[in-house]
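Structure first, commentary second.
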Amino acid sequence: MNTNDSNEPQGHEFRSDQVPGDATMPEAVDAGRASGAWTAEGSATGEGFAAPEPVAPTMPAERIAPSGDAPGAPSDDAPGAPFGGAPGGAPGDDSRGMSPPPGAGAGRGDDGGSGAGRGNASGPFRRQGAWVAVVLTIVGGLVALSTLGTSIWDSAIAMPSQSRGDGYVGGWGGPGPWQEDVPTFDWSDSIAVDDVESIVVDGRSSELTIRYGGVDAATLDISTTAGSMPDWRFEVEDGVLTVRESDTTGGARPFGWSSTSATLTLPDALQESAPALAATMQSGALSIVGDYGTVELAARSGALSFEGAASSIHCDLQSGAGDLTVYDADEVALSVGSGVLGVNVHGNQPASTVLDVRSGYGELTLPTGAYNLTGTASSGARDVDVETSSTADATLEVNVSSGIAAVSQHGG
């Protein structure tokens, strides 16, 4: 019998004098319990019996050790310490030594468990896998929703195009279930321009072309992909021809992308009177060919091109790209924000030329002749290679903030 004055359990003892000598094993057990002989060591009697500590299960080495272990490397397969855990486990602990202590199970590095070897698939690794599954589920749902929405939209019944002749060109476009081979829908309208003196064009996101042709009246032709809803104003009032694109044209398809192109054809007879032209473009592309009087052009972030004669031309390019070829202009005024603008001036020498570049790039080529050069450059670069004279009649002003301006002459 073990005795110990401390309260720390030292084991357990079975006292045979507490039961009859002829008792069977079940009877001996019952008798021991009844007499209090089986009590935890360290109780009031100082004697007793404690159940033996559980033995931790072991696993075959071939199921634990990875292939390629270096000879003599520490083994995690010692009996009673599976997966690097402590032998056994505390009484009442169901883990039975299966959970590794802090820092264990992370590998076989020389730093005592900080290597990249075998470890338990738990903690951050398991949480990362859960997040990946959630993200994939969300992305898959969005793709399915977009596909369903596009299918529903494209299956809508197509309404006929409208050309009322009162300045409105519009309608719903979209292929019906039976229209699988029709990728675009077209609209067209014409209006008399006998008394027109000026033209105003306001483009949004379409590809818009303005030109002269063999027509008797101004004609607007619009072509759009399925799903777009063109809504243009096309009218003449007080000698002004107005062409205005709606904000809903192009890109009106809720789950897809669509584009719109339009062509404004003017009668050749109108070119002889050189009407004034004011044209703007937001984010589309504007192309103009022909002769006009005063020309005012503006582009926010789209593309802009012009080729023709003009008595004067003003162009404000914010962040897009522009290419202008001008003939016989008496006045040229150019402004560049953060875009790129190239201008060629032919024919007569302009009386006044101004180029302002903020943070973009402006390149200007002028007719031969002397120019009275003025202007400043803050932190940008200004390269002017033209004939200059302080007494010249033609003036040239070049200002640069933080961009680049390059000016030259034809034949130079």
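The values are calculated or read from the model by the stated rules, or taken from the named source; none is laboratory data. This structure is a prediction, so every number in the text was calculated from the model and none was measured. In this analysis, Cβ positions are derived from the backbone assuming ideal geometry, glycine residues included, and neighbour counts consider all displayed protein chains.
When Thr368 is tested against the conditions (1) of a type outside the set (Gly, Ala, Ser); (2) surrounded by fewer than 24 Cβ atoms within 10 Å (Cβ to Cβ); (3) under 25 Å from Thr209 (Cβ atoms), the lone failure is (3). Looking across Val336, Val354, Val326, one residue alone is more than 33 Å from the chain's Cα centre (by Cα), buried (at least 18 other Cβ atoms within 10 Å of the Cβ) and either closer than 19 Å to Ala279 by Cβ or of a type in the set (Asp, Glu) (or both). It is Val326. Of all residues in segment 212-246, those that are closer than 22 Å to Arg300 by Cα and modelled with pLDDT of 95 or more total 3.
Residue-by-condition table, conditions (1) surrounded by 15 or more Cβ atoms within 10 Å (Cβ to Cβ); (2) in contact with a Phe, Trp or Tyr (Cβ under 8 Å, 6 or more places away or on another chain); (3) basic (Lys, Arg):
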residue	(1), (2), (3)
Asp316	yes, no, no
Ala321	yes, no, no
Gly360	yes, no, no
Ser389	no, yes, no
Ser402	no, no, no
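A count restricted to segment 323-353 and to residues that are without any contact (Cβ under 8 Å) to a residue 40 or more places away in the chain, in contact with a Phe, Trp or Tyr (Cβ under 9 Å, 6 or more places away or on another chain), assigned to a strand (DSSP E or B) and of a type in the set (S, T, N, Q) stands at 1. For first residues located in segment 282-298 and surrounded by fewer than 23 Cβ atoms within 10 Å (Cβ to Cβ), partners that are in a loop (DSSP other than H, G, I, E, B) and at pLDDT below 95 and lie 6+ apart or on another chain with Cβ distances below 6 Å form the pairs Gln282/Arg204; Gln282/Arg300; Ser283/Ser205; Ser283/Ser301; Ser283/Gly302; Ala285/Gly302. Going by the conditions given, is Ser283 part of a loop (DSSP other than H, G, I, E, B), at pLDDT below 95 and out of contact with any Lys or Arg (no Cβ under 7 Å at 6 or more places or on another chain)? The answer is no for Ser283. The C-beta contact set for segment 354-383 (first residue farther than 14 Å from Val407 by Cα and touching a residue at least 60 places away in the same chain (Cβ under 8 Å), second residue of a type in the set (A, V, I, L, M) and surrounded by 15 or more Cβ atoms within 10 Å (Cβ to Cβ), distance under 7 angstrom, 6+ apart or interchain) is empty.
Out of the residues in segment 318-337 that are of a type in the set (Ser, Thr, Tyr) and modelled with pLDDT of 95 or more, state the one that is farthest from Val398 (Cα to Cα).
First, the residues of segment 318-337 that are of a type in the set (Ser, Thr, Tyr): 319, 325, 327, 335.
Filter once more, keeping what is modelled with pLDDT of 95 or more: 325, 327, 335.
On the way: Thr325: 19, Tyr327: 20, Ser335: 10 Å.
Residue satisfying both the conditions and the ranking: Tyr327.
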